[in-house]
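Here is the structure we will look at, set down as structure tokens.
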Amino acid sequence: MGIIRDTLRDKVADGLSACIGCRECLRACPVAPPGLRIADLNHWTAGDAPLAASAPIPTPVSPAPAATEVVAVADAAISSPAPPAAMVARLAEECFQCGMCVPVCPSGLERDAMVLWLKSRLTPRPAEYDASLRRRGPAQTVGEKVGVTVHNLLHRGRLGSLSRHVDKRSLQPADTLFFFGCNIFSTTGMGEKILAIADYLKCRYEVLGGLSSCCGWSSYLSGDLDGAGEMMSHLAGRIAKVAPKEVITPGSECYAALSRIAAVHRTPFTPVTVASWLRRNLHRFPLRHFPGTMTFHDACHSSRKLGEGEEPRRILRQLGALVEMRRFGDDAPCCGHHQFGVNPAQVEALRADRLAMARDAGAARMVVECVRCQESFAPGAEAAQVEVLSLVDLVYDLLPSGDRPQARPVHFAPPVQKGDQIPIEGM
């Protein structure tokens with residue numbers, strides 16, 4: 001077994017032995033099948049046999065219920081005619097690893113890790129997983145390499161100057177590495193804006209992006225543990241060629257992967273969210289307040305799970321009026337991107353629910369930090385009457401269109417923090 005599989009299996013074994021069966025994790029879960037018993041879930045999680053995939057999930061005629069309704073139905077159900085194994089498989093397939101089950105556990109266990117272990121045993125894997133993840137990573141057949149080449153050529157015109165960074169072979173040493181991975185192809189234009197900001201700051205950098213340099217975290221979240229390990233090892237080697245001091249990324253899952261790579265491979269770089277990078281350099285822009293109110297949506301794998309949620313809020317407090325909607329731990333749903341299209345109606349309902357939370361909080365804009373969150377929420381923004389934009393969009397709009405002031409040297413040191421006190425910037 002690989003180190004990722006071994007580590008996850010040990011964590012799951014420890015968690016199962018400490019589970020008290022309270023079912024709080026299932027109450028918090030936005031996709032738990034009604035009637036699923038914690039005893040059945042634990043029984044199948046502890047097994048080593050492959051978990052047979054559930055029957056195809058029909059697309060409902062009406063929108064799927066919101067997370068609170070799903071929980072209410074699950075709590076009211078005592079039994080279900082569906083075989084427990086099928087219900088467990090359905091939970092594994094539909095889980096998008098939001099982590100809402102973790103903070104509610106009175107024993108401090110990680111049910112999301114247990115469900116991820118179930119995902120790794122799904123046989124066969126849902127077709128939607130493979131369709132979303134095909135051609136990513138370095139381990140490709142000749143046919144897949146041809147497919148990647150065609151894919152890159154088709155997107156070259158749209159990417160413009162970014163296209164020269166797609167799957168490039170030669171990498172130059174630099175203190176700053178922008179890692180876009182698969183997100184370099186995002187239709188949000190976030191990558192191009194980030195580099196425009198870096199150019200304004202007169203930052204010397206290298207860029208790494210493309211399907212072959214995928215961070216592997218999406219594969220990890222789909223249960224392909226061995227494939228994810230190969231991708232992370234490959235990416236660690238590519239990063240070593242640049243020898244950066246910091247690797248900056250706009251992807252929440254990329255940040256999680258980079259954090260793991262830095263720890264496991266002991267590579268001497270610091271993973272940095274694009275929010276943290278922007279916040280440290282915000283004083284170098286001609287600041288202005290944006291009209292209206294803004295709220296912030298926490299990305300699962302950086303803001304929620306790795307505790308990076310304060311940096312984006314510090315930016316927003318300096319750029320306008322920030323109002324808070326329900327946050328992680330308060331029944332706040334995730335964007336659901338990493339369900340990989342298994343149950344689209346269900347995820348669309350959860351996204352609509354989240355946008356409604358932003359509107360009900362009195363916000364005209366819902367700001368995100370992760371490129372995947374922006375891709376997920378933007379299509380429903382008009383219907384919800386809430387504008388969805390990223391931190392990068394806001395800072396990019398600060399760039400002066402005329403003569404630019406002389407840039408000061410980029411400082412990468414984090415703000416000084418004493419004890420539990422959070423440093424405060426001036427307006």
key: Odd one out for residue 272, checked against (1) outside the structural domain of residue 367 (by TED's automatic domain parsing); (2) among the aliphatic types (A, V, I, L, M); (3) under 26 Å from residue 119 (Cα atoms)   = (3)
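Applying the selection to segment 240-260, what residues are aliphatic (A, V, I, L, M) and surrounded by fewer than 24 Cβ atoms within 10 Å (Cβ to Cβ)?
Residues of segment 240-260 aliphatic (A, V, I, L, M): 240, 242-243, 247-248, 256-258.
The answer is 240, 242, 243, 256.
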query = Counting just the residues of segment 191-206 that are within 16 Å of residue 401 (Cβ to Cβ) and not aromatic (Phe, Trp, Tyr), which one comes out surrounded by the fewest Cβ atoms within 10 Å (Cβ to Cβ)?
reply = 199
request  = Output yes when any residue across segment 272-279 is of a type in the set (Gly, Ala, Ser) and either at pLDDT 90 or above or surrounded by 22 or more Cβ atoms within 10 Å (Cβ to Cβ) (or both), and no when none is.
outcome  = yes
query = When only residues in segment 156-171 that are in a helix (DSSP H, G or I) and touching a Leu at 6+ places or on another chain (Cβ under 8 Å) count, which is farthest from residue 235 (Cα to Cα)?
reply = 161
inquiry  = Within segment 315-333, does at least one residue satisfy the condition of being of a type outside the set (A, V, I, L, M), buried (at least 23 other Cβ atoms within 10 Å of the Cβ) and closer than 24 Å to residue 119 by Cα?
reply    = yes
ask   = Here are some conditions: (1) buried (at least 24 other Cβ atoms within 10 Å of the Cβ); (2) in contact with a Ser or Thr (Cβ under 9 Å, 6 or more places away or on another chain). Residue 232 meets all but one. Which one does it not meet?
value = (2)
task = Might you check whether a residue that is crowded, with 24+ Cβ neighbours inside 10 Å and at negative phi occurs anywhere in segment 302-309?
result = yes
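Residue check: is residue 346 buried (at least 21 other Cβ atoms within 10 Å of the Cβ) and more than 18 Å from the chain's Cα centre (by Cα)?
Yes, satisfied.
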task = Grab the helices (runs of 4 or more DSSP H) fully contained in segment 42-155, keeping just those with 2 or more residues being modelled with pLDDT of 90 or more and not small (Gly, Ala, Ser).
result = 84-94, 111-119, 127-133
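Quick grid of which residues meet (1) more than 17 Å from the chain's Cα centre (by Cα); (2) among the charged types (D, E, K, R):
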| residue | (1), (2) |
| --- | --- |
| 198 | yes, no |
| 205 | yes, no |
| 209 | no, no |
| 226 | yes, yes |
| 229 | yes, no |
| 232 | no, no |
| 235 | yes, no |
| 239 | yes, no |
| 243 | yes, no |
message = Taking the condition of being among the aromatic types (Phe, Trp, Tyr), under 15 Å from residue 389 (Cβ atoms) and part of a loop (DSSP other than H, G, I, E, B), how many residues in segment 255-304 meet it?
response = 1
note = Checked segment 384-395 for anything acidic (Asp, Glu) and either buried (at least 24 other Cβ atoms within 10 Å of the Cβ) or assigned to a helix (DSSP H, G or I) (or both); matches are 393
query = For segment 218-267, which residues satisfy the criterion of being polar (S, T, N, Q) and touching a Cys at 6+ places or on another chain (Cβ under 9 Å)?
reply = 218, 249, 252
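Quick grid of which residues meet (1) outside the structural domain of residue 33 (by TED's automatic domain parsing); (2) in contact with a strand residue (DSSP E or B) (Cβ under 9 Å, 6 or more places away or on another chain); (3) farther than 25 Å from residue 183 by Cβ; (4) at pLDDT 95 or above:
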position: 355; (1), (2), (3), (4): yes, yes, no, yes
position: 364; (1), (2), (3), (4): yes, yes, yes, yes
position: 371; (1), (2), (3), (4): yes, yes, no, yes
position: 375; (1), (2), (3), (4): yes, no, no, yes
position: 378; (1), (2), (3), (4): yes, yes, no, yes
key: Search result, residues across segment 172-190 that are farther than 18 Å from residue 369 by Cβ and surrounded by fewer than 18 Cβ atoms within 10 Å (Cβ to Cβ)   = 172, 173, 174, 175
message = So, in segment 172-223, exactly how many residues are in contact (Cβ under 8 Å) with a residue 40 or more places away in the chain and not in a loop (DSSP other than H, G, I, E, B)?
response = 26
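The values are calculated or read from the model by the stated rules, or taken from the named source; none is laboratory data. These numbers come from a predicted model, not from an experiment. In this analysis, Cβ positions are derived from the backbone assuming ideal geometry, glycine residues included, and neighbour counts consider all displayed protein chains.
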